[in-house]
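Enquirer: Dropping a structure here in structure tokens format, bear with me for questions.
The values are calculated or read from the model by the stated rules, or taken from the named source; none is laboratory data. What you see is a predicted model; the values in this text were computed from it and never measured. Backbone-built Cβ (ideal geometry, glycine too); neighbour counts: all protein chains shown. These accessible areas exclude ligands, DNA and RNA; they are computed on the full protein's heavy atoms, side chains included. Shrake-Rupley method; radii C 1.70, N 1.55, O 1.52, S 1.80 Å.
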Amino acid sequence: MIPVANQEPQGPSLYLHVPFCRSKCPYCDFYSVVGNQAQLDGYVKLLLQQLAWLNRRQVFTAPLATVFFGGGTPSLLAPRQVAAILDRIRYTAGLSANAEISLEANPGTVDAASLQGYRDAGVNRLSFGVQSLQDDALQLLGRGHSAKEAVQVVTWARQVGFENVGCDLMFGLPNQGRKELLQDLDALLQLQPDHMSCYGLTVEAGTPFEQRRLRGALALPDEDEFPELYLTVHEQLTAAGFEHYEISNYALPDRRCRHNLAYWRRQPCFAVGAGAHSFIPAGYGTRREVPADLDRYRQRLMQGRDPAVTLETFDRQGAMAETLYLGLRCQEGVSDKDFFRQFGLGVAEAFPEAVRRCGQRLTLDAGRWRFDLQGWLLFDHFISFFL
Ligand code: SF4
């Protein structure tokens with residue numbers, strides 16, 4: 001049996017980016033291209049090449065605790081391609097015995113056989129981009145799958161033996177009020193997911209949704225309805241036994257996403273693929289990026305060069321701010337003792353004015369700083385005091 005991952009990362013992580021999608025969703029501003037099978041085959045070769053490149057530079061010093069195939073649409077990869085990548089990882093970085101291996105999947109791109117193939121390859125956690133279980137909403141979002149198909153793929157995932165299955169939900173959709181959201185939540189809970197990621201729809205600049213909004217053709221809920229919708233998600237999911245462990249993420253006990261926890265805790269993460277970001281904690285930390293440009297990615301690898309560039313090398317102040325920016329997103333918060341150990345100051349000493357301005361929204365309890373739910377609702381506002 002493939003082991004189900006437990007909570008704590010005990011080794012570095014690896015993120016693999018797959019910047020291909022079957023079509024472009026009208027609200028999405030991520031880097032992704034509509035690719036064909038030949039492009040995907042070529043891309044997998046590049047991923048394998050980058051893994052070999054990293055291995056030759058001896059960056060892998062401990063088996064990986066988590067691997068995450070993100071995108072784009074990683075489920076456009078055939079199981080044999082995922083298996084080839086995971087085999088290369090086993091022979092280069094190595095995988096810890098209980099490694100969490102996640103793959104993001106779009107319901108319209110998988111069937112029972114491909115899900116079985118992913119499981120056989122070693123994937124032990126699936127995250128389905130369900131978004132809604134209302135057909136009119138799915139159509140409007142351009143998701144390319146129906147509610148029935150989404151229900152079907154989650155059922156298949158269980159049938160082929162996945163014990164850790166997550167679903168994404170989007171709220172604040174056009175024509176959606178509390179009643180419609182409750183219907184969506186109810187339908188999603190009937191699928192008995194282990195994990196839910198719940199994001200409010202935002203209209204990004206340069207997307208077709210922005211054009212529609214400018215034309216007055218997108219009936220989005222008012223901004224002041226957002227808190228009610230956010231709190232509705234919180235109430236329903238916590239009542240169903242989910243832990244609200246990050247601003248937008250909920251998990252059943254022992255089902256938090258270990259890969260994302262490692263990211264929020266600033267733990268080491270390697271990155272492979274065009275558009276992937278890595279983090280090296282040495283010193284105050286360095287964040288690197290493989291630029292989101294397929295031609296450049298190919299060229300650099302063909303020339304035997306590092307495809308990644310440094311985005312930011314943190315100084316002490318920047319590292320303190322980022323530790324709070326990431327840590328306060330999580331229910332576990334930030335340990336004052338760990339913060340002191342790392343930076344030589346407690347949080348209230350390092351940011352007295354910011355802590356004061358947060359008032360009751362930010363508390364120190366049992367040695368950990370945490371925002372309450374209202375603090376999370378206005379996270380961007382409160383966290384800006386620290387940045
Ligand atoms: S599937 Fe995801 S990454 Fe691809 S276009 Fe849609 S929202 Fe963007």
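Enquirer: Out of the residues in region 100-116 that are away from the ligand (no atom under 16 Å from the Cβ) and assigned to a strand (DSSP E or B), state the one that is farthest from Arg255 (Cα to Cα).
Expert: For region 100-116, the residue satisfying everything is Ile101.
Enquirer: Cβ-Cβ distance below 9 Å, separation of 6 or more or different chains: which pairs start in region 63-76 with a residue that is on the phi > 0 side of the Ramachandran plot and end on one that is more than 10 Å from the ligand (Cβ to nearest atom) and of a type in the set (S, T, N, Q)?
Expert: none
Enquirer: Could you identify the single residue in Val82, Val123, Val130 that is open to solvent by less than 40 Å² (accessible area, probe 1.4 Å) and within 16 Å of the ligand (Cβ to nearest atom)?
Expert: Val130
Enquirer: So, restricting to strands (runs of 3 or more DSSP E) that lie completely within region 229-316, which ones have at least 3 residues that are closer than 28 Å to Thr73 by Cβ, of a type outside the set (Phe, Trp, Tyr) and touching a His at 6+ places or on another chain (Cβ under 9 Å)?
Expert: Here the list reads 269-272, 286-289.
Enquirer: What residue, of Leu47, Leu40, is over 19 Å from the mean Cα position of the chain (by Cα), modelled with pLDDT of 90 or more, surrounded by fewer than 18 Cβ atoms within 10 Å (Cβ to Cβ) and closer than 19 Å to Pro307 by Cβ?
Expert: Leu40
Residues checked against (1) open to solvent by less than 10 Å² (accessible area, probe 1.4 Å); (2) more than 30 Å from Ala52 (Cβ to Cβ):
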position	(1), (2)
Ala276	yes, no
Ala292	no, no
Cys330	yes, yes
Asp336	no, yes
Phe351	no, yes
Trp369	no, yes
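Enquirer: For the structure I just gave you, tell me whether Gly142 is at pLDDT below 95 and either among the aromatic types (Phe, Trp, Tyr) or within 14 Å of the ligand (Cβ to nearest atom) (or both).
Expert: In short, yes.
Enquirer: Follow-up. Taking Ala97 as meeting all but one of (1) buried (at least 19 other Cβ atoms within 10 Å of the Cβ); (2) among the hydrophobic types (A, V, I, L, M, F, W, C); (3) in a strand (DSSP E or B), write down the number of the exception.
Expert: Looking at each condition in turn, Ala97 falls short on (1).
Enquirer: List pairs: first in region 18-31 and more than 15 Å from Asp293 (Cα to Cα) and more than 8 Å from the ligand (Cβ to nearest atom), second open to solvent by less than 70 Å² (accessible area, probe 1.4 Å) and among the small types (Gly, Ala, Ser), Cβ under 7 Å, 6+ apart or cross-chain?
Expert: From region 18-31, the pairs are Pro26/Gly142.
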